[in-house]
Each structure stands twice: as structure tokens, then as C-alpha cells.
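What follows is a single structure, written as C-alpha cells, with notes after it.
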Amino acid sequence: MSLSQQNNAYEKGGRIALPCVTESSCLESVKIAIDTGYRHIDGAFVYYNEHEVGQAIREKIAEGRIKREDIFYCGKLWNTCHPPELVRPTLEKTLKILQLDYVDLYIIELPMAFKPGEAIYPKDENGKFIYHETDLCATWEAMEACKDAGLAKSIGVSNFNRRQLEMILNKPGLKYKPVSNQVECHPYFTQPKLLEFCRQHDIVIVGYSPLGTSRDESWVNVSSPPLLKDPVLNAIGKKYNKTAAQVALRFSIQRGVVVIPKSFNPQRIRENFQIFDFSLTEKEMKEIEALNKNVRYVELLM
């Protein structure tokens, strides 16, 4: 998918991206994804693999496969870096690791802060997280300064609810509104109210875990049934000779939601991209919307 379909202003939904989460095979996965046609890469400093992502991008540029402007890279500001004076240095650190001059999108990863310092997950002697009072509006102003400096083409947020979005949108002297809000979104958690609010304010919803997620009890709500075993998704998939995963992704992009399915399996990376050769009917869209259970897989218990 070309950059013409996902411009720097990030104003329209319906795109598919590759999220890069910690894994030794990240370098090869990103290269396979680029060769497949992915151009939006979702990353973060706390995934500890931005050096591999940057290397993959640079290698593909050197091969003549892509140009830098073809890639839409999203980076994230971590919880320990909310104080305004830390925002630009944190982004500059990301750019140094990536060996890139700018990111296309930089987002506040969570609307809450941890104690600043070297520890990514600071905890006290009892093993409880050490939080830090944060002023999201001040953090946002520092994000705006990064955009003005050309370090980020666009800026946005992640895991923000309506109240937190309104806090930014209603901020006196707002220079740039968030262009995107990255949240969990899939057929079992369709986020209709948040999606409608964001549409009204031209904020794109980027849906993470669009296929559900792993069944790791340490951070996932495993009481919810696996999304990809849903009989409705599988029945519709059979009609189009597609997998339940492809149907779930197609559902999201037809709603105007950007999807970022994670995979390190070359076959699945390619399959996840093969969703532009069919469309779901209005009846099928309503059937999938009816699957909504308002249950998160990723509960963010922190």
C-alpha cells in the first residue's frame, strides 16, 4: 500500500500496518512485510527492536525497493517520559536508534505516567508500579514542538478515552489536534461510541489486536473466547475463500479503522495483507458488528 493511501496528515482510516513487537525475527519480518506491500510500520521504543526495524527499512531503501517517503513509521512516547522536557530527547533517541531523520507519526502511548528514570517499569519495594503526576496538556505541547521541529510529521495518542481526548482538544492555545488514537478494536470490542466521537473530530482510530491476541495469562484476558474461532467470521470467510482473520481485518478497514495485525509468520504476514480483493456486504458488516461483547483482551491492568 503506497503512501498516497496513507498520507502524512493521517486523515483517513482503512489501512493495514505491521506492528513490531519484541522478537528476534523482527528484522526479517519487517523485510518480508515491505516486500509484501506493507508501508505503515507500528513501533515503539519499549519494544526494544527499533534498531532492527530501522535496519530493515534502510536495507530495503538500499535495494531500491522503497524510498524513505514510502514508509509510514509510528513511534511512541513511553510512560516514564511524559514531563515536557523529556519528550524531544526521547524522540531524538528513537530517531538515533532507527537512524532516521523523522518519524511519520509520534504518539503518547498511554494517558498515565510512571516515575521518570532509567527503569521502564518502575516499582516500589512491594512490587507496585510507581506512578507520576502528569499534565497531558503540557506533554502535548512538547509533542507539538516536535512536529514543528520536523522530527515528527504528525502526532497522536493511544489508549485515550473521550474525556482524555477532550482535554487535549479543548486545551487553550491548541496548535495541532491528535490525528489518531490507537486503541484495542476488533469484532468483539468494536468501540462504536469512541469511533463515532473520533470521526466527528477527524481523528483516525488505529486498532491494535485486530485479530484478538495471544493467550498469555500474564497480560491478556483469557476468559474471552478466541476471536478467530468465531463461527460467524469463519462462515463468512468460507464464502469468500478467506480466513476468519482476513474477514476480521476487512471488517475493520471497511469501518475506517486502521489495523495493525502482529505476526512473525511469513505466510500470515502475506495473508493479512490479502484483504483488498473482496468486500463485505452491508448485511455481513451488521452480522459482525453484532458480535461485539465489549470485552477487552488487553486489560492494561497497570
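The values are calculated or read from the model by the stated rules, or taken from the named source; none is laboratory data. Every value quoted in this text rests on a predicted model; they were computed, and no experiment measured them. A quick note on method: Cβ atoms are made from the backbone with ideal geometry, for glycine too, and the neighbour counts reach across all protein chains shown. Note: areas computed on protein heavy atoms with side chains; ligands, DNA, RNA excluded. Shrake-Rupley method; radii C 1.70, N 1.55, O 1.52, S 1.80 Å.
Applied to the range 127-142, the Karplus parametrisation 6.51 cos²θ - 1.76 cosθ + 1.60 on θ = phi - 60° returns per-residue 3J(HN,Hα) values of x, 9, 4, 9, 8, 9, 5, 10, 10, 4, 5, 5, 4, 5, 4, 5 Hz, with x for Gly and Pro. Amide H contacts of SER180 (H built 1.01 Å from N, in plane; Pro and chain starts excluded): VAL157, VAL204 sit under 5 Å, all sequence-distant by 5 or more or on other chains.
Could you give the C-alpha radius of gyration of the range 40-170 expressed as a fraction of 2.2 N^0.38 Å, taking N as the number of residues it contains? Show your work: numbers first, answer last.
Working: Rg = 15.5 Å, N = 131, 2.2 N^0.38 = 14.0 Å.
Against the empirical 2.2 N^0.38 Å value, I get 1.11 for the range 40-170.
Couplings 3J(HN,Hα) for the range 99-115, derived from phi with the Karplus relation 6.51 cos²θ - 1.76 cosθ + 1.60 (θ = phi - 60°), are 6, 10, 7, 7, 10, 7, 8, 10, 10, 6, 5, 9, x, 9, 10, 9, 4 Hz, where x marks Gly and Pro. Here the scattering of the range 186-302 is modelled by Debye summation over its C-alpha atoms, one equal scatterer each and no solvent; at q = 0.19, 0.21 Å⁻¹ the log10 of I(q)/I(0) is -1.08, -1.29.
Report, for the chain, the % of DSSP beta bridges that are antiparallel, rounded to 5. Before the final figure, lay out each step's value.
Details: 5 of 31 bridges.
Expressed as a percentage, antiparallel bridges in the chain total about 15.
Projected label points at LYS175 and ASN292, each 7 Å from Cα along the beta carbon direction, are separated by 3.7 nanometres. Computed about its Cα centre, the charge dipole of the chain is approximately 780 debye, with only Lys, Arg, Asp and Glu carrying charge at their Cβ. Peptides 258-266, 169-177 ranked from most to least packed, by the mean per-residue count of other Cβ atoms within 10 Å: 258-266, 169-177.
What 222 nm value per residue comes from the helices of the chain, counting each DSSP H run with n ≥ 4 as -39,500 (n - 2.57) and dividing by all residues, nearest 500 deg cm²/dmol?
Numbers: 10 runs with 106 residues, N = 302.
Theoretical 222 nm ellipticity from helices: -10500 deg cm²/dmol.
Annotation: amide H of PHE72 within the under-5 Å range of HIS40, ILE41, sequence separation 5 or more or interchain, hydrogens built in the peptide plane.
Taken over the chain, the percentage of Cα pairs per 10 Å bin, counting from 0 up to the bin with the maximum distance, is 6, 28, 36, 24, 6, 0.
Could you sort out which of LYS76/LYS193; LYS147/LYS171; LYS193/LYS293; LYS93/LYS262; LYS115/LYS153 sit more than 19 Å apart by Cα distance in this structure? From the list (LYS76/LYS193; LYS147/LYS171; LYS193/LYS293; LYS93/LYS262; LYS115/LYS153), the Cα-Cα distance tops 19 Å for LYS76/LYS193; LYS93/LYS262; LYS115/LYS153.
Distant-in-sequence amide contacts of LYS115, defined by a placed amide H-H separation under 5 Å and a gap of 5 or more residues or a different chain, comprise ILE130, TYR131, HIS132.
Farthest toward the positive end of the dipole of the chain, out of GLN55, ILE203, PHE45, is the Cα of ILE203, where the dipole comes from beta carbon charges about the Cα centre.
Protein heavy-atom surface of the range 147-269, 1.4 angstrom probe: 50% of the accessible area is carbon and sulfur, with nucleic acids and ligands not counted. Only protein heavy atoms count here; on that basis, with a 1.4 Å probe, LEU95 has an accessible area of about 10 Å².
Can you tell me how much longer the chain between ALA62 and THR281 gets when fully stretched, taken as 0.36 nm per residue apart minus their C-alpha distance, in nm with one decimal?
Numbers: separation 219, 0.36 × 219 = 78.84 nm, distance 4.21 nm.
Answer, rounded to one decimal: 74.6 nm.
Spin-label model, SER223 to GLN274: label points 7 Å out along the Cα-to-beta-carbon direction sit 3.8 nm apart.
What FRET efficiency, computed as 1/(1 + (r/R0)^6) with R0 = 22 Å and r the Cβ-Cβ distance, is obtained for GLU69 and ASP148, rounded to the nearest 0.05?
Given R0 = 22 Å and the Cβ-Cβ separation, E is 0.65.
Maximal additional length on extending the ASP202-ASN265 stretch stands at 19.3 nm, based on 0.36 nm per residue less the C-alpha distance.
Here the 3J(HN,Hα) profile of the range 186-195, calculated from phi with Karplus coefficients 6.51, -1.76 and 1.60 at θ = phi - 60°, is 6, x, 8, 8, 7, 6, x, 5, 5, 4 Hz, Gly and Pro shown as x.
Peptides 80-92, 110-122, ordered by how many other C-beta atoms sit within 10 Å of their residues on average, highest first, read 80-92, 110-122.
How much accessible area per residue does the chain have, counting only protein heavy atoms and a probe of 1.4 Å, in square angstrom?
46 Å²
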